[in-house]
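*Asks:* First the structure, which I've put down as structure tokens, then a few questions once you've had a look.
The values are calculated or read from the model by the stated rules, or taken from the named source; none is laboratory data. The model shown is predicted, which means the values in this text are computed figures rather than measured ones. Quick reminder, even Gly has a Cβ in these numbers, built from the backbone with ideal geometry, and neighbours come from all protein chains shown. The protein model used for the area step is the full one, side chains on, heavy atoms only, and it has no ligands, DNA or RNA in it. Shrake-Rupley method; radii C 1.70, N 1.55, O 1.52, S 1.80 Å.
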Amino acid sequence: MSFKKKHKYCIDAQDLDLTFEDFGGYPAIVKRARELVETQLRKREKLREIGAKPVKGVLLTGLPGTGKTHLARIIAKECGANFYHIGGPSIVGKYFGDSEKTLREIFAHAQQGQKPSIIFFDEIDSIAANRAKNTNEASDRLVAQFLTLMDGFNKEDDNIVVLAATNREDVLDPALRRPGRFDWTIEFAIPTFEDRRSILTLQAKRYECVDEISPEFLEQVAKETKNWLPVDLGALWDEAALIAVGEDRSKIHVEDMVIAFEQIDLRVRSEK
């Protein structure tokens, strides 16, 4: 299989218009991700010289909408890596052995590239659930194949890190956490006040707003959005933009944000 043939799950990270500045809030998470992934891919030789154990797998955990996938894409772009984005359910084939074959092809393709690679499994729980609680033979085979592939790469010329995201860590097969597989975990918690303020400020730059939507106003919004996730904060801006356009205005006004807040807050409360 020639690497020149693009794999359907592979995205050239250089096509992603993203930087770490596009990730609002969670400074400790960003710092940890850079330590574990960026350093591994960019300074692999130095790590070998020191004798450091290579980072093979990093598990991203936390509620949906906290930015796990967004950060994985940013890391790939910043590292100049090929990015394999596999939505867990999408890899499950309907014929015997299809899923395992696809997994093998992804890892083989990543190993043949000149650039570093990040293989990212979104919703990893959908393909690597606890085999002790699962009576599905096809699912068991898929988990076994995945673990074999995790154990198989780490040759001298392999420059691969596997990232996996889940909001159901408790259902994962325990074997994923054995040494040499997913040794590291980064947890995405509910954003703090400072996180929310940072996220709102970053998002404000993407919209046309009146001057009254100031840093002081955004600080007040951050105080009123306790227990909101990053995805909810993004929805706040989108809803306010819809209201503004519906009123034939070209900028978001404070009253748009107030109305949008009431609508999104009702949804957030109903989901808790």
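*Asks:* Tell me whether the range 83-98 contains one or more residues that are in contact with a helix residue (DSSP H, G or I) (Cβ under 7 Å, 6 or more places away or on another chain), modelled with pLDDT of 90 or more, closer than 15 Å to Asn159 by Cβ and outside any helix (DSSP H, G or I).
*Replies:* yes
*Asks:* Any idea how many residues of the range 186-196 are more than 30 Å from Ile160 (Cα to Cα) and open to solvent by 70 Å² or more (accessible area, probe 1.4 Å)?
*Replies:* Residues that pass the stated criteria total 2.
*Asks:* If you take the residues in the range 198-218 that are assigned to a helix (DSSP H, G or I) and touching a Ser or Thr at 6+ places or on another chain (Cβ under 9 Å), which one is surrounded by the most Cβ atoms within 10 Å (Cβ to Cβ)?
*Replies:* Leu200
*Asks:* Of the conditions (1) among the small types (Gly, Ala, Ser); (2) under 15 Å from the mean Cα position of the chain (by Cα); (3) surrounded by fewer than 14 Cβ atoms within 10 Å (Cβ to Cβ), Ala52 fails just one. Which one is it?
*Replies:* (2) is the only condition that Ala52 fails.
*Asks:* Right, something else. Among what's in the range 32-70 and is part of a helix (DSSP H, G or I) and of a type in the set (Val, Ile, Thr), pick the residue that is nearest to Glu271 (Cα to Cα).
*Replies:* By that ranking, first place goes to Thr69.
*Asks:* Here's a follow-up. Can you pull out the residues in the range 219-237 that are in contact with a Lys or Arg (Cβ under 7 Å, 6 or more places away or on another chain) and surrounded by 20 or more Cβ atoms within 10 Å (Cβ to Cβ)?
*Replies:* Ala222, Thr225, Trp228, Leu233
*Asks:* May I pose another question? Which condition number in (1) in a loop (DSSP other than H, G, I, E, B); (2) under 15 Å from the mean Cα position of the chain (by Cα) is the one that Ile29 fails?
*Replies:* (1)
*Asks:* Would you say Leu63 is farther than 17 Å from His7 by Cα and either open to solvent by 40 Å² or more (accessible area, probe 1.4 Å) or in contact with a helix residue (DSSP H, G or I) (Cβ under 7 Å, 6 or more places away or on another chain) (or both)?
*Replies:* yes
*Asks:* Another question, if that's okay. Go over the candidates Ser250, Ser270 one by one and state the one that is in a loop (DSSP other than H, G, I, E, B) and more than 20 Å from Gly67 (Cβ to Cβ).
*Replies:* So the residue among Ser250, Ser270 that is in a loop (DSSP other than H, G, I, E, B) and more than 20 Å from Gly67 (Cβ to Cβ) is Ser250.
*Asks:* Any chance you could count how many residues in the range 145-185 are over 24 Å from Gly80 (Cα atoms) and either open to solvent by 40 Å² or more (accessible area, probe 1.4 Å) or free of Cβ contacts under 8 Å to residues at least 12 places away in the same chain (or both)?
*Replies:* 10
*Asks:* Identify all residues within the range 241-258 that are open to solvent by less than 20 Å² (accessible area, probe 1.4 Å) and in contact (Cβ under 8 Å) with a residue 24 or more places away in the chain; write none if there are none.
*Replies:* Once the filter is applied, which keeps residues that are open to solvent by less than 20 Å² (accessible area, probe 1.4 Å) and in contact (Cβ under 8 Å) with a residue 24 or more places away in the chain, the range 241-258 yields Ile252, Met257.
*Asks:* Let me ask you something else. Does Ile119 meet the test of being buried (at least 19 other Cβ atoms within 10 Å of the Cβ), modelled with pLDDT under 90 and on the phi < 0 side of the Ramachandran plot?
*Replies:* Taking the combined requirement at face value, the residue does not satisfy it.
*Asks:* Let me ask another. Conditions first: (1) free of Cβ contacts under 8 Å to residues at least 40 places away in the same chain; (2) open to solvent by less than 40 Å² (accessible area, probe 1.4 Å). Lys133 passes all but one, so which condition is the exception?
*Replies:* (2)
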